[in-house]
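**Q** Sharing a structure with you now.
The values are calculated or read from the model by the stated rules, or taken from the named source; none is laboratory data. No experiment lies behind these values; they were computed from the predicted model shown. Here Cβ is always computed from backbone atoms with ideal geometry, including for glycine, and neighbour counts include all displayed protein chains. Only protein heavy atoms, including side chains, enter the accessible area calculation; ligands, DNA and RNA are left aside. Shrake-Rupley method; radii C 1.70, N 1.55, O 1.52, S 1.80 Å.
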Amino acid sequence: MPDRLRRLHRSARLAVALLLAAGSASAQEAPRVDPALRFALRALAAGSPPAPVAAPRAAPGRARPLETRPSAREVVPGFASLEPDPAGRLLVGALVRLGPGGEAALVRAGARIGARAGDIVSARIPLDALPTLAADPAVRHIEAAAALRPIGVTDLGTLVRAYGSPAAPPWRASPFALASGALANDIGADEVGVHRLRQREGDRFLGLAGQGVIIGVYDTGLDLAHEDFRDAEGRTRVLYAWDQSATAGTPPGRVGPHVFDYGHECTAAAIDAGTCPLVDAVGHGTHVAGTAAGTGAATGNGLPAYRYTGVAPAADLIIVKGGDGSFTTDRALDGVAYIFARAAELGRPAVVVLSLTTQAGPHDGSMAFEQALDALTGPGRIIVAAAGNAGYNGNEQPAFVRTATHAHGRVAPGAAAEHGLMIPPYTPNPGSISDAAVLELWYDGGDSLTVTVVSPRGDTVAVATGDTTVVATPGGAVYIDNAAGGPHPANGDHQALIILFDSIETAPPDTGRWTIRLQGDAVRDGTYHLWLTGYSFENPTRATLLDPATNAYLVGAPGTASRAITVAAYATRHEWDGPDGGRVSFPFREPVGDIAFFSAPGPRRDEALKPELAAPGKFVISARASGGRIWSDFPTFVEADGVHAALLGTSQAAPHVAGAAALLLQLQPHLGPDELRELLTTHARRDAFALHPYTGGPDGSPNPQWGHGKLDVERAVHAIGLPAGTVRLEVRPLPAPERIQGARGARVPLLAVTAETDSVEAVTLARLGFELTGKDPGARLQLVLDQDQDGVASPGEPVRAAIPAPLDGAPYVARFQAGPVVPAGTRHTYLVMLELSGAAPNGARFAARYLPAETRTRGTISGAEDRFSGGANPVESGERITFVLAADERLNLSENPVRSGSLTINYEERPRAAAVYTIAGQRVRDLAGVLGERSANWDLRNDRGSPVASGAYYLVVEFPGTRVVRKIFVVRS
């Protein structure tokens with residue numbers, strides 16, 4: 001054994017002895033050290049550190065493949081955060097609840113303190129200092145940092161192991177009918193109701209799009225080069241990015257009241273300069289961020305942009321990378337504290353999305369991690385958490401691999417309850433403490449229950465309340481800590497920690513049924529809850545699970561935190577266009593609109609409602625990290641544009657709600673978590689699906705499967721009292737050109753209408769009225785958006801509205817009944833243009849008069865009408881004269897062939913005579929009586945007043961000194 005490990009084991013054995021001595025002397029006192037830490041100390045003191053697992057070597061900047069098998073280090077509490085410091089001293093991550101003088105005690109013990117949240121701090125503590133701290137009254141409780149996983153990554157691993165490559169059947173040509181083919185691409189945004197709240201002009205988002213709000217993402221990082229996270233000018237929208245997993249670089253240091261002395265922090269300037277090394281080697285964090293705040297600007301393969309826009313595409317971002325798929329609760333707390341502290345420095349509200357989970361803890365909001373998160377929230381500081389994917393709702397066809405991880409019941413005095421832990425066949429990992437299953441039992445602090453574990457071989461280990469033991473058997477070792485120090489200080493309940501593990505490499509836990517028996521020795525309440533919080537056994541088609549089990553109480557932390565808004569997932573999509581253009585079909589389907597088959601139901605153990613809300617989570621298409629391992633393992637999850645991809649999980653549901661929270665914070669930056677939760681839940685949609693839980697409970701709302709129903713952002717926005725949009729109007733005449741050609745398609749400039757909105761709501765110019773004079777029966781009145789603000793209707797500028805304006809010389813009132821929408825917070829100018837049909841006579845005179853009494857406006861969200869100022873007085877354009885002839889032209893015809901009911905003959909000077917003749921030379925009509933100053937109109941009748949027949953004719957016009965002859969063709973229908 002190396003000297004360094006020998007020293008670590010020696011210090012661990014001393015620490016265990018001191019802890020055990022302290023425990024026996026004060027057995028009735030609340031335990032000050034998490035039982036998971038006692039197990040870690042015991043294992044290390046015995047010379048059995050968790051064995052490393054051989055994993056495929058990853059390329060630089062990439063995470064290990066999904067198929068890599070987990071080790072006991074990732075599932076056994078107390079091991080998840082063990083690390084040596086530079087001096088070789090072994091540190092353990094923890095959340096510490098402090099009394100007066102507690103920080104000083106930690107500092108004296110050599111601990112490194114990170115985040116501060118109320119009376120709880122995150123800390124990395126020397127392992128050999130635990131006994132001293134446990135005996136110090138200034139330290140109330142030390143909670144081991146639990147392992148967290150990004151929700152969805154491990155579930156995808158199950159798919160890989162059970163069904164092979166998704167490029168092969170049944171991923172193609174699914175036997176099930178397409179359930180979502182009729183839905184739009186951007187289903188998630190459609191579902192939650194954000195499209196009417198915002199507008200997009202080019203690359204800019206206007207209205208309610210999260211402007212001024214920060215969305216923080218604690219996850220696997222971000223693809224910083226992805227265009228979905230850049231603004232209209234191409235600059236990054238990421239204000240800060242902190243890579244906690246970096247072993248070199250510049251740590252954040254002191255940020256607000258916190259000190260973060262590890263990892264590497266990048267500023268926006270470094271990101272724009274391309275010098276920030278942070279990457280997302282998994283893809284999970286980038287996908288989550290895209291759903292919450294991606295613009296959808298990125299695209300490829302010739303497909304249009306902006307098909308996959310997130311909920312708050314104008315919000316800014318702060319990114320914290322916790323690792324490449326395995327995090328711990330102490331580091332997650334640091335990440336959340338960092339985001340809120342940076343936002344506070346900027347004076348901005350922030351919402352943090354946590355798409356990660358653990359089943360460790362009492363599931364009642366009392367663990368230090370949960371309460372520390374609660375302490376960090378407040379006005380303008382919101383946490384949104386995913387419910388988790390531990391549900392087995394049974395509404396999918398065909399059935400997916402079940403992972404039943406919770407059981408509960410009630411024992412009577414003298415009676416017993418039994419549950420089986422089913423371990424399927426597996427290949428053991430090498431080394432000791434490399435294969436394990438971890439269970440937590442929670443029961444009333446007034447009850448005494450004997451916990452008995454029976455192995456598949458029949459070996460039995462029993463431990464009464466208040467005791468602890470570890471027994472090695474040929475079929476695996478059993479560790480039981482049955483509330484050895486008394487009731488838990490946070491909630492007064494008893495906690496029993498059960499760990500099945502390989503104390504030596506040759507004795508891994510047996511496969512088969514392990515019996516967990518609970519005997520009621522002294523019972524006040526009798527209710528118990530048993531969770532399988534983690535295991536390392538891998539089997540291609542069978543999961544380790546509890547039997548019997550219950551599909552309830554499965555929401556994990558941080559989703560069980562009281563002030564977090566916790567989100568379930570429902571199905572909105574089963575198919576999408578894959579990278580080769582073919583249709584990709586997911587084989588496991590529930591009805592579109594129903595809860596996702598994996599979405600974890602609540603409630604909490606104390607019956608508090610969790611989750612509170614549901615959002616789209618199967619499948620959501622969002623930003624794809626270019627180096628993300630998910631997409632190399634699941635290539636058909638990549639969407640046809642190559643830069644977005646589909647993913648499933650409550651991880652994908654939570655960012656919808658985080659984006660919604662950002663929109664509400666844009667309106668009211670000081671909203672607190674309780675107020676915001678009330679807004680979202682009170683105005684959730686409750687369809688038939690949302691009334692039905694798969695927990696065995698009755699239908700109704702709220703329920704522990706759906707919470708209050710489906711996210712509806714627009715209804716929440718209405719409820720918050722959205723300021724009704726107002727618009728200021730300014731109308732002015734446009735300059736008259738020197739010469740206006742009256743040809744077909746020519747446009748006569750008349751007036752300019754400028755509309756400026758001053759709120760977050762877009763305003764529709766619902767009606768605009770103008771009195772027109774002139775002569776052109778086929779004219780049309782247009783509103784042209786003056787994009788370059790030069791007062792000229794250029795060919796490329798869009799026509800926002802157009803209506804017929806049949807002018808016969810008398811005044812005519814033209815009304816736009818559905819005018820353009822003026823985006824929120826913008827100033828737009830619309831040019832009032834008269835488009836000619838070619839029938840206007842030469843020298844026709846046109847004019848327009850703005851009619852204020854005809855003007856109507858309407859807010860696009862509030863529906864508030866006629867909230868406008870300005871534009872109170874009539875404005876006249878002045879007269880515009882059109883010329884049909886070119887400068888060197890003497891005569892021009894309105895059309896030839898003549899298909900309409902008349903022919904207009906235009907000229908510069910009045911002729912002396914004009915007539916129409918047949919080809920044979922016989923006069924058909926003398927036009928002398930209809931000759932005007934600049935034009936004449938032939939009604940296609942002869943001198944007797946009868947209509948002429950179709951055919952060819954000659955038009956002969958006599959000018960002073962010259963005669964003009966034109967052949968014309970009359971075409972009758």
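**Q** Quick one: ranking L106, L691 by accessible area, 1.4 Å probe, largest first, what do you get?
**A** Correct descending sequence by accessible area is L691, L106.
**Q** Expressed as an acute angle from 0 to 90° and rounded to the nearest 10, what is the orientation of the C-alpha long axis of helix 650-667 relative to the principal long axis of the chain?
**A** Helix 650-667 and the main axis of the chain meet at about 60 degrees.
**Q** A further question follows. How much length is gained on full extension from T427 to A135, taking 0.36 nm per residue of separation minus their Cα-Cα distance?
**A** Additional length available on full extension: 100.9 nm.
**Q** Here's something else I'd like to know. Cut-off 15 Å, label point 7 angstrom out along Cα-to-Cβ of H670: give me the residues of region 374-393 whose amide nitrogen falls inside.
**A** 378-381
**Q** Ok, one more. Report Rg (one decimal) and Dmax (nearest whole number) for region 891-971, counting Cα atoms only, units Å.
**A** So, for region 891-971, Rg and Dmax equal 11.6, 33 Å respectively.
**Q** If you compute Cα extents along the principal axes in Å for the structure shown, which of [x] 115, 64, 56; [y] 82, 77, 63; [z] 128, 57, 51 do you land on?
**A** Recomputing Cα extents along the principal axes in Å here picks out [z].
**Q** Taking only the alpha carbons of region 727-884, what extent do you get along each of the three principal axes, in Å, biggest first?
**A** Result, largest extent first: 48, 30, 22 Å.
**Q** In addition: Quick one: compute a quarter of the convex hull surface over the Cα atoms of region 777-837 and quote it in nm².
**A** 4.8
**Q** For K610, list the lysines whose Cα falls under 18 Å from its own Cα; do not include residues on the same chain fewer than 8 positions away.
**A** Qualifying lysines at Cα under 18 Å: K710.
**Q** Any idea what % of Cα-Cα pairs in region 405-550 are farther than 18 Å?
**A** Roughly 53 percent, once rounded to a whole number.
**Q** Pulled fully out, how much extra length does the chain show between E730 and T275, if you take 0.36 nm times their separation in residues and subtract their Cα-Cα distance?
**A** Extending this stretch completely gives an extra 159.0 nm.
**Q** If you don't mind, another one. Using a cut-off of 29 Å between alpha-carbon atoms, which lysines can reach K967, once sequence neighbours fewer than 8 places away in the same chain are excluded?
**A** K775
**Q** Which whole-number percentage describes the relative contact order of the chain, with Cα contacts under 8 Å and a sequence gap of 6 or more?
**A** It comes to 12 percent, rounded to a whole number.
**Q** Provide the solvent-accessible area of H226, counting protein heavy atoms only and rolling a 1.4 Å probe, rounded to the nearest 10 Å².
**A** Accessible area of H226: about 10 Å².
**Q** At 7 Å along Cα-to-Cβ for each site, give me the label-to-label distance between A399 and A818 in nm.
**A** Each label point is offset 7 Å from its Cα along the Cβ direction, giving 5.2 nm.
**Q** Here's another thing I want to ask about it. First select every other residue whose beta carbon is under 15 angstrom from the beta carbon of A232; then total the charges, Lys and Arg +1, Asp and Glu -1.
**A** For residues surrounding A232, the net value is -2.
**Q** If I stretch the segment between A608 and E933 completely, what's the gain in nm (0.36 nm per residue apart, minus their alpha carbon distance), one decimal?
**A** Taking A608 through E933 to full extension adds about 108.2 nm, to one decimal.
**Q** Right, another one. With the Cα gyration tensor of region 526-620 giving a ≥ b ≥ c as the square roots of its eigenvalues, does the rule (a/c under 1.5 for rounded; else a/b larger than b/c for prolate; else oblate) give rounded, prolate or oblate?
**A** Oblate, since a/c reaches 1.5 and b/c is not below a/b.
**Q** Additional query: Would you please put 504-515, 211-222, 659-670 in order of how densely packed they are, using the mean number of other Cβ atoms within 10 angstrom per residue and starting with the highest?
**A** 211-222, 659-670, 504-515
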